[in-house]
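First up is the structure itself, then whatever we jot down about it.
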Amino acid sequence: MEFNWSLMLASYGTVFTPGVLFIICVGVTAGIVIGSLPGLTATMGVALLVPLTFGRPPLESLSMLLGIYCGAMYGGSISAILIRTPGTPAAAATILEGYPMARRGEAGRAMAMALFASFFGGIVGALIMTFASPVVSSFALEFGPVEYFALAIFGLSVIVSISGRSLIKGMMAAFFGLLISSIGFDPISGFPRFTFGLMEMMEGPPFIPTLIGLFAVSEVFNEVQKTGQIKQLKANLNQYLPSWADIKYCFKHLCRSSFIGTFIGAIPGAGGDIAAFISYGQAKRTSKHPERFGHGEIEGLASSESANNACSGGAMIPLLSLGVPGDAVTAVLLGAFIIQGLQPGPMLYKEHIDIVYQIFASMMLAQFVMLFIGMAGIRLFAKVILVDRAILTPAIFVLSMVGAFAMRSNVFDVYTTLAFGILGYVMMRYDYPLSPILLALILGPMAEANLRRAMVISAGDPSILFSRPIAVVLMGLAVVSLALSIKSQKKVEARLAEMERTLEKETAS
Amino acid sequence: MKLKSMLVGVAALVAGAFSVSAMAAYPDKPVTVICPWTAGGGTDVLLRALSKAAEKHLGQTINVVNQTGGAGAIGHNAIRAARPDGYTVGMITFELNSLPPQGLVPFTWKDFDPLMRINSDPAALTVRKDAPYSTVRGFMDYAKEHPGEITIGNSAPGSVWHIAAGLAAEKTGVQVKHVPFDGAQPAVTSLVGGHIKAVAVSVAEVRGQVQAGNLKILGVMSADRDKIFPDVPTFKEQGVDVQFYTWRGLAVPKGVPANIKAKISDAYKKAFDSPEFQEFAAKASLNLAYQNAADFTKFLDQNYKDVEAVMKSLGLAKK
Amino acid sequence: MKVADIFGGALGILIGAFAIWEGTKMPVDVVMKIGPSFFPNILGGLLIVFSAILIINALRGRSKGKVEPYRLSDKGTQRGLITLAAGIVFCVVLDPLGFIPTSIVFLTFMMWVMGKRNPLLIAVTPALITLAVWLVFEKVLSLSMPAGVLADYL
């Protein structure tokens, strides 16, 4: 597939018209709002708006949906930073640094960096998608059960990096999370495990309510106890873009995470949540100040946000060139293409190459639109943090419950949210990190199902796990990353303990 | 005294309001349609397209609600347990007949009031384009000569395509390994990547890859040939008498008044016949197969017995 | 933290043991040797190992950090317990009562608990928040909320 420059320019011309730009604006705005609401993911947003595109021209429909996709990926970071509620699962890693920054009064700085990182990642993703689709997509097809298992193991090695103060408690949280992820139908035999006879548990505890409960509701319980003791949060909100110094400080991470995000996005079945955590782990491991991670380190924020937005460009690659969706959102987009009478894949390149280039162009433009709308909205969004905590905290609780319920209109999910809220609160109180549970829930099913699948294919012969180069490389990386992370984690634990001691001395004297 | 008369007045008003809303011509408020599968999936998109077309015939907004989970069990249960006032309709799918034999749900299709069948998609056996066989027979012979080599992907353990593949293997007496995936799409992707040897999913789910020249269909498990790929013979033509379909239809909870049921059926039938929906179905390569309530009921009865029997013989049913 | 760690470790061991025990009741895959219980067994085992390490560390006095003990006389603890109770009530009545009344009552109550006493603020804000949430979810995104007692009017 030769790259056709003149067609590329022509498509930019087609897309760069008031009508299409307006549609992209509408999509991005809707995406930001949906993404920032707890429980409403990018997938949900696109799925809800697909019916609106019935009977509309393809370019209009698809550019609106792409706008929602990009907007929602960024929107998730807004509530993650401001109210510790992951708007989308992909923003869960953003909470780790974004929320502590906001608590420190740096909401404006965090928001600006989240927007810029999203934009940066989105642009890298869109560029790779435009120029390297064929190469990347052939790589994506190499992923079979063995490779997915290896990828999951590599992802799980990040748990060490997000274990907070105590590695042992982090591991406990991780294995507890993995056990939770094994609730429900066994992926190969279909046997319902640990369901306690509940129909709602047959697919395990619902993911989004679990996520909202662990992070948002637990913080509500934490917050109500502190009223009166804490000052109203202050925030310096005069920032639209991160300062030059911040960009320079994070530039290395922005670039690396954007590439990681794009590639993980391009692997079918692995999406923004995995990309964000893996990039976060990379950032912490290579940072000069790993001990600052978890306490509001802007490097971590920049890497997770750039990774999850780069992921959208990456996920479009196998969709367009192979007809295979790269993540959950593109799976819904595949349906939208088909309704338009377009079958993504090699035939799309042959028969509708103009549409393919127009999608490249609108993906790129959506990033700019997202940047501008994000800049315009940043002060408005950030005002949330200035709302009286006595009003905001109960409102967050209600919004969390509504978000948990909305996904599948089931009261069971509301109970799940509350239960995980209580669990999250107790764990925070006794110093167990929450994010390992989350990562375990994302990667556990992927690890187990693919290992078992590989075993079915090989009829129980474990040597299949070492028969494929990509898998061997990934598992090797997992071992290396595990070793490095444990080393760095030891250093972090030591430094934190030292800081605590000096703090104690100061308060004592 | 004053208070008492006021209370009586309020009570009368409230009662009046209730009776008015009950008396008013159906439908006087939006109707909810429950979809037991996720937003954006095949069932959901079909239901939304159909409901959008049905809105103008019903004269009310129709909201599609996705109540997912438990391999469809939760949504089906929600339809069954809904208030039988005609304001809740639901889409029922094949899993309604495959969940009960596994002992996973406490209800069967008999707990529903079927309205109509919408579509029924046959399973197709699809392999990579470069595979050394191009007929179902050839495939089965290859499987016999190379025991333990053939892996057939399906969409989930105990799913419609798992049963279909199991049935085909049983009828031809070959040993294959069934590899369940998390949905049909990942199974197809895995086949394109060469990680498994075949998939047994619907034609719609492999169409893109077949047209792109990555995959080829060996046969469809239906009575007639497929409309999109008329060159592909059926299993029966190739001497393997297997027919296996998934299906989707509409149903209401038991107890909805007959006149309201008729209104819903009527609106949806008109939507089904509308050119917009027909065009949508063609683009999505859905095999439309309308049946009215009476035929659909008969079909469900037969289908339930067949599925149960097959699942028992494959060891998928609860012992 | 020492007592808390020992308790947490014990809980971890119990959960791990439960998973393994449940696993024994799952069907065995004779061909593959790894059936439904394969993963839970490994996970449960490792959870027990790490829990045991936590207990041993705690017994050797290596627990990190401190926890403020709960005191029922503490205002914060009281508010926490009230919130927990209100949260449970919220979940229980959400479906039968419906989203709008539940949310208004919950917000009003919680604002009061958190020290708001201005009657106008307490009366108006919960209704506004509820209405805004309801409009966005129910009307704009057409995701249905429990209607409850208002089922015939919405």
* **For chain A, projected area of the alpha-carbon convex hull averaged over all directions, nm²** => 24.1 nm²
* For B:Leu218, enumerate residues with amide H under 5 Å from its amide H, sequence gap 5+ or separate chain, H modeled in the peptide plane. => B:Leu125, B:Thr126, B:Val127
* Asked: Of the beta bridges DSSP finds with both residues in the protein assembly as shown, what % are antiparallel, to the nearest 5?
  -> 65 percent
* To do: Would you be so kind as to identify all helices of chain B, as entire DSSP H runs, whose Cα atoms reach 30 Å or more along the helix's own axis and whose mean Kyte-Doolittle hydropathy is at least 1.0?
  => B:2-23
* Relative contact order of chain C, defined on C-alpha pairs under 8 angstrom at six or more residues apart (%) -> 21 percent
* Asked: Counting only complete DSSP H runs, which helices of chain C cover 30 Å or more along their long axis at the Cα atoms and score a mean Kyte-Doolittle of 0.5 or above?
  -> C:2-23, C:38-59, C:75-97
* To do: Mind listing the long-range amide H neighbours of A:Thr85? Cut-off is under 5 Å, sequence gap 5 or more, other chains count too, H placed in the peptide plane at 1.01 Å from N.
  => A:Ala80
* Mean Kyte hydropathy of 0.0 or more with a Cα span along the axis of at least 20 Å, helices from DSSP in chain A -> A:18-36, A:58-83, A:107-141, A:167-181, A:244-266, A:298-322, A:353-382, A:389-406, A:411-429, A:435-457, A:469-508
* Whether the stretch A:428-485 is rounded, prolate or oblate, judged on the alpha carbon gyration tensor where a/c under 1.5 counts as rounded -> oblate
* Asked: Setting aside same-chain residues fewer than 8 positions from B:Lys269, which aspartates and glutamates have a Cα under 12 Å from its Cα?
  -> B:Glu55
* How about B:Lys318: which aspartates and glutamates have a C-alpha closer than 17 Å to its C-alpha, ignoring those fewer than 8 places off in the same chain? -> A:Asp186, B:Glu95, B:Asp306, B:Glu308, C:Asp29
* Structure fact -> Proxy exposure order for B:Thr135, C:Thr24, A:Thr41, C:Thr102 (fewest C-beta within 10 Å first) is C:Thr24, B:Thr135, C:Thr102, A:Thr41
* To do: Would you mind checking which residues have amide H under 5 Å from A:Phe185's amide H? H placed 1.01 Å from N; only 5 or more apart, or other chain.
  => A:Arg193, A:Glu203, A:Gly204
* To do: Could you work out the mean count of beta carbons from other protein chains within 10 Å of each residue's beta carbon in A:173-182?
  => 6
* To do: With both partners inside chain B, how many of the DSSP beta bridges are antiparallel, as a percent to the nearest 5?
  => 60 percent
* In straight Cα distance, which aspartates and glutamates are under 18 Å from C:Lys116, not counting same-chain residues fewer than 8 positions off? -> A:Glu223, A:Asp388
* Go ahead and run the numbers for FRET between C:Val28 and A:Lys226, Cβ-Cβ distance against an R0 of 45 Å, rounding to 0.05. => 0.30
* **Flagged links, alpha-carbon separation over 26 Å, of B:Lys56/B:Lys110; B:Lys29/B:Lys270; A:Lys383/C:Lys64; B:Lys216/B:Lys270; A:Lys491/C:Lys64; B:Lys56/B:Lys305** => B:Lys56/B:Lys110; A:Lys383/C:Lys64; B:Lys216/B:Lys270; B:Lys56/B:Lys305
* Using +1 on the beta carbon of Lys and Arg, -1 on that of Asp and Glu, and nothing else charged, what's the dipole of the protein assembly as shown about the Cα centre, debye to 20? -> 2320 debye
* Structure fact -> Classified through the alpha carbon gyration tensor (a ≥ b ≥ c as square roots of its eigenvalues; rounded if a/c is under 1.5, else prolate when a/b is larger than b/c, else oblate), the protein assembly as shown comes out rounded
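A short reminder: the numbers here are calculations on the coordinates, not readings from a lab. The model shown is predicted, which means the values in this text are computed figures rather than measured ones. Cβ: placed from backbone, ideal geometry, glycine included. Neighbour counts: every protein chain shown.
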